[in-house]
Amino acid sequence: MNAILDENNIATTAGELTVYNYAENTREYMSSVAEYLAEGVGMPANSCADAPPKGKTGKVICRKADGSGWEYLVDHRGETVYNTETGEPMVITLPGDYPAGTTTTPPSTQYDKWDGSAWVTDADAQHAAQVAEAEQQQTGLLTEAQATISLWQTELQLGVISDEDKARLIAWLNYIKAVQAVDASKAPDIIWPEKPE
């Protein structure tokens, strides 16, 4: 004998009934099973009595949010989208349309801003970062060069420097002048001088 349900899905007559189960978080159709419902017992959680439609390629069958029936949702799970505010990637984990505020197009630089339809590079921010990086590199090269010549400078002051070390000191001093002459504001179009041998 088949169970008969009232408008609240409570069995008014005991019996078997095929129920269609769906996932709690995604509402995705999972399986069907024959359940015995005693009189006065309701449907199991996350299940319904109406059968889902046949599957479609690229779509997933889900229970409507209001529970009134089934619907097809696009299935982008596993795809990567990018937050249009931050540019951060995220992997889609739920069926349905792409989340609001995302795009499938990755930003090409960390200075890209979303203009509503495409990524646009903020050239001023990018240039400022390149200048700061060039200034940092310039400071690092000068620090390294100063450390290299410090012993030779002491030897020169004491008058005990060899001719070979004196030639090296001069080469490194010329290198320091060349590094100091580099205009960091021209970044990224900078050619750094070569270090002396």
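The values are calculated or read from the model by the stated rules, or taken from the named source; none is laboratory data. Computed from a predicted model, the values in this text were never measured in an experiment. Here the Cβ positions follow ideal geometry from the backbone for every residue, glycine too, while neighbour counts run over all protein chains shown.
Values for this structure:
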{"item": "ALA132 being surrounded by fewer than 14 Cβ atoms within 10 Å (Cβ to Cβ), without any contact (Cβ under 8 Å) to a residue 12 or more places away in the chain and outside the structural domain of TYR29 (by TED's automatic domain parsing)", "result": "yes"}
{"item": "Segments classed as strands (runs of 3 or more DSSP E), wholly inside the stretch 1-81, with at least 1 members that are within 17 Å of PRO95 (Cα to Cα) and not hydrophobic (A, V, I, L, M, F, W, C)", "result": "15-22, 29-37, 59-63, 70-74"}
{"item": "Matching residues, the stretch 144-187, being closer than 23 Å to ALA132 by Cβ, without any contact (Cβ under 8 Å) to a residue 24 or more places away in the chain and not in a helix (DSSP H, G or I)", "result": "ASP183"}
{"item": "Residue within the stretch 71-87 that is aromatic (Phe, Trp, Tyr), under 30 Å from ARG27 (Cβ atoms) and in contact with a strand residue (DSSP E or B) (Cβ under 9 Å, 6 or more places away or on another chain) present", "result": "yes"}
{"item": "Single residue of the stretch 141-160 satisfying the filter (loosely packed, with under 11 Cβ neighbours inside 10 Å and among the hydrophobic types (A, V, I, L, M, F, W, C)) that is nearest to LYS177 (Cα to Cα)", "result": "ALA147"}
{"item": "Which listed residue, of ASP115, ASP163, ASP97, is among the acidic types (Asp, Glu), under 30 Å from MET30 (Cα atoms) and either within 37 Å of the chain's Cα centre (by Cα) or surrounded by fewer than 14 Cβ atoms within 10 Å (Cβ to Cβ) (or both)", "result": "ASP97"}
{"item": "Unique residue being modelled with pLDDT under 95 and farther than 30 Å from TYR22 by Cβ when the list is ASP97, ASP122", "result": "ASP122"}
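Every residue, every condition in (1) touching a residue at least 24 places away in the same chain (Cβ under 8 Å); (2) surrounded by 13 or more Cβ atoms within 10 Å (Cβ to Cβ); (3) among the basic types (Lys, Arg), yes or no:
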site	(1), (2), (3)
GLY15	no, yes, no
VAL19	yes, yes, no
TYR22	yes, yes, no
ASP50	yes, no, no
THR57	no, no, no
ARG63	yes, yes, yes
TYR82	yes, yes, no
GLU88	no, no, no
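Rundown of residues vs (1) within 30 Å of the chain's Cα centre (by Cα); (2) among the aliphatic types (A, V, I, L, M), yes/no style:
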| residue | (1), (2) |
| --- | --- |
| ARG27 | yes, no |
| VAL33 | no, yes |
| ASN46 | no, no |
| ASP50 | no, no |
| LEU73 | yes, yes |
| ARG77 | yes, no |
| THR80 | yes, no |
| THR86 | yes, no |
| GLY101 | yes, no |
